[in-house]
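Okay, structure first, notes after.
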Amino acid sequence: MMTFRLTKIFRDELNKEDIFYNLSPDTINARNYTKSIETKRRHAIEQRDNCLKRIHKLELKLGVAQRWVPGSAEWNAVAAKAVLCEYRKAVDNLEGLVVSRLFELSNLRISPRFVSST
């Protein structure tokens, strides 16, 4: 039995029910499941190859000599920026919720009261 390794992006293309299909006398002639699974696999591989071609063209156009790898300085810098971006989105969301709550309270003519422990 031949095992095909696909990237994570294209593994979702194959349904679990197609991979483990139990043939019975009732379903043996209903549809050729092997051909449909093979077609899905072939399409996934073609899509992956097309994506790789686009990546190679873009790398040539941008003059990328070496790809970033996990742990390199560039990779770590971008990872830190991504975490900061997620943090800022969360703060912006929280700020929006606070402002909307204050607006609701002002419409009800209720001023927010802050109790200090001093």
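We did not get these values from a lab; they are worked out from the coordinates using the rules stated. Everything numeric in this text was worked out from a predicted model, so none of it was measured. Backbone-built Cβ (ideal geometry, glycine too); neighbour counts: all protein chains shown.
Annotations for the structure displayed:
- The slack in the chain from VAL69 to ARG54, taken as 0.36 nm per residue of separation less the alpha-carbon distance, amounts to 3.5 nm.
- Cα-projected label distance for LEU97 with ALA79, points at 7 Å along beta-carbon direction, nm: 2.9
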